[in-house]
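Engineer: The following block contains the structure, expressed as structure tokens.
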Amino acid sequence: MCGLLGILASNGDTSDLLPAATRALPCMRHRGPDAAGTWHDDNIVFGFNRLSIIDVEHSHQPLTWGPEGEPDRYAMTFNGEIYNYIELRETLQAKGYTFNTEGDGEPIVVGFHHWGPAVVEHLRGMFGIAIWDTKEERLFLARDRFGIKPLYYCTTERGTAFSSEKKSILEMAPEMGFDPLQLDLHSTAHYMDLQYVPEPESLNPSIRRLESGCHAFVEPGGELKVTRYFHPKFPISPVQSGSEQAVFDRIAEALEDSVEKHMRADVTVGSFLSGGIDSTAIATLAKRHNPNLLTFTTGFERKGFSEVDVAAESAAAIGVEHIVKVVSPAEFAAAVPKVIWYLDDPVADPSLIPLYFVAAEARKHVKVVLSGEGADELFGGYTIYKEPLSLAAFEKLPGALRKVAGALGNKLPDGMRGKSLLQRGSLDLEERYYGNARSFNYDQLQKVLPWMPRDWDHREVTAPIYAESAGMDPVTRMQHLDLFTWLRGDILVKADKITMANSLELRVPFLDKEVFKVAETLPVNMRVANGTTKYALRKAMEQIVPEHVINRKKLGFPVPIRHWLAGDELRGWAEDVIEQSQTDSIIDKAAVRKMLKEHHPTQNDNSRRLWTVLAFMIWHGIFIEQRITPDIEQLDYPVIL
């Protein structure tokens, strides 16, 4: 595990780029406080920060390797973990290759020599990879299929810079020749609409992200040539009556194998435990491999916004030691600038803050934690996935009648029963479903961003993804959309950035390619059935997870933000953020003040929209205005040159 960075020079001269890379390394020291180092030749500079997890003594990066007769042909640095590295090494050794380390990095570069870019199909894990081929003089970049690990890049006349963190590329802006203070208004509009910046965008127009499930080649002076290798097709397999148990067994076996692989480490592994089926399943299976497993959760003192009691009950039932961190409103507000700095681009998800605190607590005890992200997207866990079943009758109506139903719904008073059903039933799936997050509708957003063109809304992001799922059933299309929007834009960004902020590695066993092979074949009635979600997963876990968890409503880490913004806890804080922000040319601050004034936790809940704007204002204050300087701990580490 590490934070990687590098610069591929366009002119075969890295003499003035090595100092830039060395200067940028501390920006992501939190990703690897155990060691740091650089490697370079005439064309490329590599830098890394290492968090030692596997083969602690020997697997330093950048790693060089070459086949017989071509020593040190390749140089590689990668961020992540490869869980099947033992099996990969055995496969490649059988083909005649030799290895110098016992770590999970060397099988990647050896596999790249043997399979070329198809090596990514053999990797079971999370990764951002950079491999420089000194013979072919071209750079290979790759990300894991779900986007668990990030990889940013920037191409200018000086070359191509790349990194696990955007802030490191911003630090190299003088040498790369771009404006680090420039704001991408198009991406800003997408952020405000969706509450995260969708891939491949960032809020700086010079910096993009290599998308999840993609790899790329780039040569000195050239542009990235990107190829998508992950194309989820959901080849649904019908389940014959009486054979359901075989499906449940396949799910349980795949997940148990995934957890076993994800427990591979030379350091102690713990587990987050929120009290729901996903994290409880992971923790229960993890305990089989670590009888002394530690679990961690967080919550708030406000009633109804804490899973502490349920998580403790689950911990007792599976027999693990449980550690709790309770977050106060004052701690919450004080941590916001620091958390947004770690994010690189804002994500308007308040659960980021309690995650930061529980990660900090976990890091006192362990270096690695398991977590349950991805189960909802793979197995059909979100309540909204039941909507196509409730709207099935509308699908049978002629288009004209559906428009009439929609018009009738628009005339009904707000809050009247049936209004939303008529409105949503009149729309096609592509119009009504935009993923699991959207803070504003267009009319609301235009008041805050009066300059925003109407065609810069979420449909720019979702339309190409929907085109890929044409012909699939509605529930599957929703899941497919979430894989490329909500999962990689919100869930995995916060999982990676916030745990790594605490030098803690988070692993997600549900997002394993072998688990996905099982999940993608499930028919709809094995995902959403009998009035519940994740039906097959729940059935598969019945003999593993404590009974009280199986059908428990999903809460995650709920944050009482709507109450705090209406009360003394955060109202004054929010007013100060708005007043001090220098975003007047972007945001109509009068509209935001009005939104805050009218906010009520139950009658007129503006909390999601407010939080979206507030997070952006703080981000802008840090990265554009440079008015806010978060208190980031300075870490010392040995540097290897």
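Engineer: Being under 14 Å from residue 497 (Cβ atoms) and in a loop (DSSP other than H, G, I, E, B) is the filter here; which residues of segment 350-380 pass it?
Structural biologist: 351, 371, 373
Engineer: For segment 515-556, enumerate the residues that are of a type in the set (D, E, K, R) and at pLDDT 85 or above.
Structural biologist: Within segment 515-556, 517, 520, 527, 534, 538, 539, 542 qualify.
Engineer: Looking at 111, 116, which one is on the phi > 0 side of the Ramachandran plot and either modelled with pLDDT of 95 or more or of a type in the set (Val, Ile, Thr) (or both)?
Structural biologist: Of the residues listed, the single one that is on the phi > 0 side of the Ramachandran plot and either modelled with pLDDT of 95 or more or of a type in the set (Val, Ile, Thr) (or both) is 116.
Engineer: Still on this structure, I have one more. Condition check: touching a helix residue (DSSP H, G or I) at 6+ places or on another chain (Cβ under 8 Å), at pLDDT 95 or above and part of a loop (DSSP other than H, G, I, E, B). Does residue 202 satisfy that?
Structural biologist: So residue 202 fits the description; yes.
Engineer: While we're on this one: Scan segment 139-160 and give yes if some residue there is under 19 Å from residue 62 (Cβ atoms), open to solvent by 10 Å² or more (accessible area, probe 1.4 Å) and without any contact (Cβ under 8 Å) to a residue 24 or more places away in the chain, otherwise no.
Structural biologist: Checking segment 139-160: not a single residue is under 19 Å from residue 62 (Cβ atoms), open to solvent by 10 Å² or more (accessible area, probe 1.4 Å) and without any contact (Cβ under 8 Å) to a residue 24 or more places away in the chain.
Engineer: Check segment 331-340 and report whether any residue there is touching a residue at least 12 places away in the same chain (Cβ under 8 Å), under 30 Å from residue 513 (Cβ atoms) and in contact with an Asp or Glu (Cβ under 7 Å, 6 or more places away or on another chain).
Structural biologist: No, because not a single residue in segment 331-340 is touching a residue at least 12 places away in the same chain (Cβ under 8 Å), under 30 Å from residue 513 (Cβ atoms) and in contact with an Asp or Glu (Cβ under 7 Å, 6 or more places away or on another chain).
Engineer: Of everything in segment 357-410 that's free of Cβ contacts under 8 Å to residues at least 40 places away in the same chain and among the polar types (S, T, N, Q), which residue is least open to solvent (accessible area, probe 1.4 Å)?
Structural biologist: Per the criteria, the residue is 390.
Engineer: Across segment 491-529, which residue is surrounded by the fewest Cβ atoms within 10 Å (Cβ to Cβ) among those that are among the hydroxyl-bearing types (Ser, Thr, Tyr) and part of a loop (DSSP other than H, G, I, E, B)?
Structural biologist: Taking the candidates together, the pick is 521.
Engineer: Another question about this same structure. When the residues of segment 232-287 are narrowed to those that are assigned to a loop (DSSP other than H, G, I, E, B) and without any contact (Cβ under 8 Å) to a residue 12 or more places away in the chain, which ends up nearest to residue 83 (Cα to Cα)?
Structural biologist: 243
Engineer: Keeping to segment 167-194, report how many residues are outside any helix (DSSP H, G or I), open to solvent by less than 10 Å² (accessible area, probe 1.4 Å) and either under 21 Å from residue 451 (Cβ atoms) or of a type in the set (Gly, Ala, Ser) (or both).
Structural biologist: Final tally of qualifying residues: 0.
Engineer: Surrounded by fewer than 23 Cβ atoms within 10 Å (Cβ to Cβ), touching a helix residue (DSSP H, G or I) at 6+ places or on another chain (Cβ under 9 Å) and either polar (S, T, N, Q) or under 24 Å from residue 186 (Cα atoms) (or both), is that true of residue 459?
Structural biologist: Yes, satisfied.
Engineer: Moving to a separate point now. Output the residues belonging to segment 85-127 that are open to solvent by 10 Å² or more (accessible area, probe 1.4 Å), more than 19 Å from residue 262 (Cβ to Cβ) and among the β-branched types (Val, Ile, Thr).
Structural biologist: 91, 98, 101 - these are the residues of segment 85-127 that are open to solvent by 10 Å² or more (accessible area, probe 1.4 Å), more than 19 Å from residue 262 (Cβ to Cβ) and among the β-branched types (Val, Ile, Thr).
The values are calculated or read from the model by the stated rules, or taken from the named source; none is laboratory data. Worth saying up front: this structure is predicted, and the values here are computed from it rather than measured. When we count neighbours, we look across all protein chains shown, and the Cβ atoms used for this are built from the backbone with ideal geometry, even at glycine. Side chains are part of the model used for accessible areas, which takes the heavy atoms of the whole protein and leaves out ligands, DNA and RNA. Shrake-Rupley method; radii C 1.70, N 1.55, O 1.52, S 1.80 Å.
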